[in-house]
Amino acid sequence: MVTQRRPAAVEPRGLVVPLTAATFGTYLALLPAVTITLALRVEQLDPDGAARSLSLVLGVGATVALVSQNVAGMLSDRTRSRFGKRRPWLVAGAALGALCLWQLSATSSVTGLVAGWAGAQLAYNLTLAGLNPLLAEQFPVASRGRAAGLLGLAAPTAMLAGACLVTLALPDLRLALVVPAAVCLATVGWLGWVLPDRRLGPEPLPPLRWRDAAAAFWASPRRHPDFAWAWLSRLLVFVGTAALLGYRVYFLQDELGVPAERIGDVVFTALLLSTAATVACAPLFGGLSDRLGARRHLVAGSAALLAATHLAFALVDGLTAYYVISVVAGVATGCYVAVDLALVADVLPDTGTAGKDMGVFHLANVLPQMLVPAVAPAVLALGNGGEAYRALFLLASAVGLLGALAILPVRAVR
């Protein structure tokens, strides 16, 4: 298999804009559903068992995501087509995802939500398998922080746009599911059109064996310790974040007394404030990490600040404080998402297998979506109402702080 094993020496002109747009479109399809839309859809269909049913929907979807992106990433490294290695996965995933989100908008049962969300996770993780290797493949080391700073805006702005859609769509959530699907299809199509995708050479590929599929989920910590520490750090930081985002709708209702008809407005306001801070900080810190040639301590500091905001959310007693903490969380998120992504691209085991390796790193993003729904009901059972959610957020803060400490042993990146 012939692939390029060194980072790009020259950045393709103008690629960062369509790449950022496609990443935004994909996250618009995924993240608002995880954090807002699915919770409200579950409450519409199963108001008495909403927390339990939401855990089922999120847990099954995360399990599908856990497997699909890794296998697709490995296969994309081996994909030989006239359209390149990554482009077929990008476009196919966006098209399939549009169908699945339409099904989620039309279903009338929790079972339908489970099936539809599992299909959507499969589809959009095929797209992510094509997107995630592009930072390491297409951008030189010296400009990765700047590019990652722009890419880091995709997730928070997608969440904000999704919250806006939910607010406009309530009580009918169909638009909040169908519009993101259309945006993703359009933006990924744009990237697919302009992407200078790489193609494999004509040499025969080695046979694909079952153990190769298992290797899609593994990178040796002994051979690649920096990558392993970066993986562990991301896992712990995202456990903390998943606990907060996955259950904040119910926390706002039970502890702060926000009525269901105002949830969309409150979440949108908090996201607007935090996203504004993230948009201001991500390019700044991403570019700063390029100029300083240092990323590790910026990642550690921002992860620690993010963990501190989880603690603050656990102690909040009103919406004003909730909004202030959201701004601080936005600053921390802006630095973290930009610099950590660039750091990960710097410590990948091999850019020739970037699809597989980014799939391995993807596990650190997805496992929290499985772990939190599995553990959260037990934590929530220890208390009643808002106090139970406070305990969950306190635990999330402690885990996030461990994530900040786990990045410090990385040695290949300052």
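The table below lists the values:
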item	result
Residue identified as open to solvent by less than 10 Å² (accessible area, probe 1.4 Å) and among the small types (Gly, Ala, Ser) among Ala118, Ala158	Ala158
Test for Ala338: is it in contact (Cβ under 8 Å) with a residue 60 or more places away in the chain, in contact with a Ser or Thr (Cβ under 7 Å, 6 or more places away or on another chain), hydrophobic (A, V, I, L, M, F, W, C) and within 17 Å of Val410 (Cβ to Cβ)	no
Test: residue in the stretch 199-219 that is open to solvent by 20 Å² or more (accessible area, probe 1.4 Å), of a type outside the set (A, V, I, L, M) and touching a Gly at 6+ places or on another chain (Cβ under 7 Å)	yes
Residue within the stretch 122-129 that is in contact with a Cys (Cβ under 8 Å, 6 or more places away or on another chain) and of a type in the set (S, T, N, Q) present	yes
Residue check, Ala314 open to solvent by 10 Å² or more (accessible area, probe 1.4 Å), part of a helix (DSSP H, G or I) and either within 26 Å of Gly257 (Cβ to Cβ) or touching a Cys at 6+ places or on another chain (Cβ under 8 Å) (or both)	no
Selected residue (only one of Leu200, Leu256, Leu232, Leu205 is of a type in the set (A, V, I, L, M) and outside any loop (DSSP other than H, G, I, E, B))	Leu232
Breaking point among (1) under 30 Å from Ala294 (Cα atoms); (2) hydrophobic (A, V, I, L, M, F, W, C); (3) part of a helix (DSSP H, G or I), for Trp218	(3)
The stretch 384-407: number of residues that are touching a His at 6+ places or on another chain (Cβ under 7 Å) and open to solvent by 10 Å² or more (accessible area, probe 1.4 Å)	1
Set Ala280, Ala304, Ala230: member being open to solvent by less than 20 Å² (accessible area, probe 1.4 Å), aliphatic (A, V, I, L, M) and either over 28 Å from Ala51 (Cα atoms) or modelled with pLDDT of 85 or more (or both)	Ala230
The stretch 356-378, residues that are crowded, with 19+ Cβ neighbours inside 10 Å, modelled with pLDDT of 85 or more and β-branched (Val, Ile, Thr)	Val360, Val372
Pairs, first charged (D, E, K, R) in the stretch 214-237, second open to solvent by 60 Å² or more (accessible area, probe 1.4 Å), C-beta under 9 Å, six or more apart	Asp226/Arg411; Asp226/Ala412
The one condition in (1) small (Gly, Ala, Ser); (2) surrounded by 21 or more Cβ atoms within 10 Å (Cβ to Cβ); (3) farther than 23 Å from His362 by Cβ that Gly286 fails to fulfil	(3)
Flag if Ala304 is over 18 Å from Val324 (Cα atoms) and in a helix (DSSP H, G or I)	no
Sole residue being open to solvent by 30 Å² or more (accessible area, probe 1.4 Å), among the polar types (S, T, N, Q), touching an Asp or Glu at 6+ places or on another chain (Cβ under 8 Å) and modelled with pLDDT under 95, chosen from Thr320, Thr353	Thr353
Unmet requirement for Ala381, which otherwise passes all of (1) open to solvent by 40 Å² or more (accessible area, probe 1.4 Å); (2) more than 19 Å from Ala242 (Cα to Cα)	(2)
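Yes/no matrix, rows are residues, columns are (1) crowded, with 24+ Cβ neighbours inside 10 Å; (2) more than 19 Å from Tyr27 (Cβ to Cβ); (3) touching a residue at least 24 places away in the same chain (Cβ under 8 Å); (4) not charged (D, E, K, R):
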{"residue": "Val67", "(1), (2), (3), (4)": "no, yes, no, yes"}
{"residue": "Val71", "(1), (2), (3), (4)": "no, yes, yes, yes"}
{"residue": "Arg80", "(1), (2), (3), (4)": "no, yes, yes, no"}
{"residue": "Phe83", "(1), (2), (3), (4)": "no, yes, yes, yes"}
{"residue": "Val110", "(1), (2), (3), (4)": "no, yes, yes, yes"}
{"residue": "Leu113", "(1), (2), (3), (4)": "yes, yes, yes, yes"}
{"residue": "Ser143", "(1), (2), (3), (4)": "no, yes, yes, yes"}
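The values are calculated or read from the model by the stated rules, or taken from the named source; none is laboratory data. Here the structure is a predicted model, which means the values were calculated and not measured. Every residue, glycine among them, receives a Cβ derived from its backbone with ideal geometry; neighbour counts consider all protein chains shown. Note: areas computed on protein heavy atoms with side chains; ligands, DNA, RNA excluded. Shrake-Rupley method; radii C 1.70, N 1.55, O 1.52, S 1.80 Å.
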